1. For the range 88-165, take every pair of Cα atoms, bin their distances at 10 Å starting from 0, and report each bin as a whole percent.
2. From the phi angles alone, apply the Karplus equation (6.51, -1.76, 1.60; θ = phi - 60°) to the range 120-127 and give each ³J(HN,Hα) in whole Hz, x where the residue is Gly or Pro.
3. Given a 1.4 angstrom probe, I'd like the percentage of the accessible area of the chain that is carbon and sulfur, rounded to a whole number.
4. Which FRET efficiency value, to the nearest 0.05, is calculated for Leu151 and Tyr44 with the Förster distance at 30 angstrom and r the Cβ-Cβ distance?
5. Using the heavy atoms of the protein chains alone and a 1.4 angstrom probe, what is the accessible area of the chain per residue in square angstrom?
6. Under the definition of Cα pairs under 8 Å and six or more residues apart, what whole-number percent is the relative contact order of the range 46-165?
7. How large, in Å, is the range 44-105 by the Kirkwood hydrodynamic radius built from its alpha-carbon pairs?
8. Select from Val146, Val23, Val124 the residue whose mean-square fluctuation is largest in a Gaussian network model of the chain (Cα-Cα springs shorter than 10 Å).
Amino acid sequence: MLHLYDRNKNKIAPLTNVKDVRVEKELNGDSSLLFSYPITGQYYDEIVEESYIRTRENEYIVKEIHELDEWTEFKCLLNVEDLEGKPFSHFEMVNSKIEDTINTALAGTGWTVGYCDVTKRRTVRKAMCSSWDIIQDARNVYRCDVVFDTLNKKVNIYSKLGSDK
């Protein structure tokens, strides 16, 4: 079930009669939500760009609206605004665990590290970046997988997700 929120994160209503709902996940932990909603739907006029859609797992921001004949397609991106909006002129963590590195990058964003099973020690250096950039760089340096829980504002870090087939 999808729930619609306005730009100020005030709940409007659950969205019924949606079709083609799908979540596309990327290897960097980012994901997007795509769905179609009828033009004659009850809250159609309330679904505008920069409004929020929540699923059971995550919160997304409406970024693209493609009007068709009777249905409109919506593309929503994972809500990581707080992570992309925290700038660093210089960031450096030498020989530290990824949990410490990411917690330092998340300071002041309201986000924290949730689950972490990675114990390696590495060095992460980055200039002119955001918390999001630091997390992505750390993900590459530590060779791990990251999952964002936008409802609880947690970054979960796994040494390996899924299985090779």
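1. The calculated distribution, bin by bin, is 19, 55, 23, 3, 0.
2. These are the phi-based 3J(HN,Hα) values: 4, 10, 8, 10, 10, 10, 7, 10 Hz.
3. Heavy-atom surface of the chain belonging to carbon and sulfur, 1.4 Å probe: 43 percent.
4. Rounded to the nearest 0.05, the efficiency is 0.75.
5. Per residue, the chain has 57 Å² of solvent-accessible surface.
6. In percent, rounded to a whole number, it is 23.
7. 14.7 Å
8. Val23
The values are calculated or read from the model by the stated rules, or taken from the named source; none is laboratory data. What you see is a predicted model; the values in this text were computed from it and never measured. As a convention, Cβ positions derive from the backbone with ideal geometry for all residues, glycine included, and neighbour counts pool all protein chains shown. With ligands, DNA and RNA removed, areas are computed over all heavy atoms of the protein, side chains included. Shrake-Rupley method; radii C 1.70, N 1.55, O 1.52, S 1.80 Å.
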